[in-house]
Amino acid sequence: MSPAPGLTHLTVYLSRRCNLACRYCYSGSVGGETVKERALLAALKAFVGRAGAGKKITFLGGEPLAAGPLLKKAVLAARAAGPEIPIRVFTNGTLLTPGWLAFFARLGVRLTLSLDGDRRTNDSRRRFRAGRRSVFNAALRALPRKDRAGVTAHMVISPSSAGALARGVKNLCALGFESIAWAPDTTALWGQAALAELKRAMLEVKLHYFKRLKAGLPPYEIANIYEILEALDGRAAAGGCANLNLGPDRRF
C-alpha cells in the first residue's frame, strides 16, 4: 500500500465479529472475516510513515474487542510508529475489562462508546446476539463512572427515536460522560415528520446546554459539532474527509 500524501485518517474495520445484533448495524453478516495481521501492520506502518500532517487512526468492527489480540498488536504498532498520533477505538463496551481500560489509558487511546442515550431506547435496538441481558447495563458496568469523563458516548438516532435525542443527551450527561456525539441512522428512510422532530430535539439539546452553563455546571463536548460548524461556515474540506478504509475483506 502506498497512501497518497493528502490522506489523514486511517479507519480500520478489524472484523465482522460482534456479540451484539443491532437493528441498524452496517457490518452485514457476522462471520469469521478478520483483517490479516500482516496486511494490517504494513498498512499502519505505511500510513504513519507517508501520510501528511494531522494524521489519526480509528479502529472499528464489528466489535474491535471481539478481535482482542489483533487489536492489541495493532494499537501497540500504531503507537510505536506514531507516538503523538490520536488513536480511537469504537466499542459497544460490553467486552471492556479493567485490563483493557488500563491498556488504553497507558497507550493514550481514546474510546467511543456506542450507547443510544437511555436504557429504554438503547435496549430496544441494541441487543445481545445470545441472551436477553440489558446491553445498556452491561456497558455501564464495564465502564465505571470514574472512567467515563474521557470517553465519548455516541448515539445513533433513527426516525423513530429522533424525539429521544435530547432525553438521551441529558441522560448520558447525568451518567458522567463529558463528550457526547450522535449520528443519524443512514440505513433508515427519513421523512419530513421525523426530520422536524429531530430539529425540535436539537433545539432542546441547545437549551439544555446553555442552561447548564448559566447554572455554573461544567460544559460537555458535543463531539461532532466541529464538522457541523465548519460546514455552516463554508470551511468544510472541498473533497470531504481524506479518509482511507481497510476492511476485513483485506481491501482498501
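The values are calculated or read from the model by the stated rules, or taken from the named source; none is laboratory data. None of these values were measured; they are calculated from a predicted model. A quick note on method: Cβ atoms are made from the backbone with ideal geometry, for glycine too, and the neighbour counts reach across all protein chains shown. Side chains included, ligands, DNA and RNA excluded: accessible areas come from the protein's heavy atoms. Shrake-Rupley method; radii C 1.70, N 1.55, O 1.52, S 1.80 Å.
Scanning the stretch 130-156 for residues that are of a type in the set (G, A, S) and surrounded by fewer than 12 Cβ atoms within 10 Å (Cβ to Cβ) returns A130, G131.
Contact annotation: residue pairs with Cβ atoms under 7 Å, 6 or more positions apart or on different chains, pairing a residue in the stretch 13-24 that is under 24 Å from L40 (Cβ atoms) with a partner that is part of a loop (DSSP other than H, G, I, E, B) and hydroxyl-bearing (S, T, Y), are R16/S27; R16/S29; C18/S27; N19/T94. Candidates are the residues of the stretch 141-184 that are touching a residue at least 60 places away in the same chain (Cβ under 8 Å), out of contact with any helix residue (DSSP H, G or I) (no Cβ under 8 Å at 6 or more places or on another chain) and not hydrophobic (A, V, I, L, M, F, W, C); the one that is nearest to V205 (Cα to Cα) is H154.
Here the condition is being farther than 18 Å from C22 by Cα and surrounded by 21 or more Cβ atoms within 10 Å (Cβ to Cβ); of L115, L172, L195, L207, it holds for L172 alone. V75 falls short on exactly one of the conditions (1) within 25 Å of A43 (Cα to Cα); (2) at pLDDT 95 or above; (3) open to solvent by 20 Å² or more (accessible area, probe 1.4 Å); (4) touching a Phe, Trp or Tyr at 6+ places or on another chain (Cβ under 8 Å), and that condition is (3).
The one condition from (1) within 15 Å of the chain's Cα centre (by Cα); (2) not in a strand (DSSP E or B) that L198 does not meet is (1). In this structure, does T94 turn out to be of a type in the set (S, T, Y), under 19 Å from K45 (Cβ atoms) and either touching a residue at least 24 places away in the same chain (Cβ under 8 Å) or in contact with a Lys or Arg (Cβ under 6 Å, 6 or more places away or on another chain) (or both)? Taking the combined requirement at face value, the residue does not satisfy it.
If you scan the stretch 122-156, which residues turn out to be touching a Gly at 6+ places or on another chain (Cβ under 8 Å) and under 18 Å from T186 (Cβ atoms)? M155 - this is the single residue of the stretch 122-156 that is touching a Gly at 6+ places or on another chain (Cβ under 8 Å) and under 18 Å from T186 (Cβ atoms). Out of the residues in the stretch 210-227 that are assigned to a helix (DSSP H, G or I) and open to solvent by 70 Å² or more (accessible area, probe 1.4 Å), which is modelled with the lowest pLDDT? Per the criteria, the residue is Y226.
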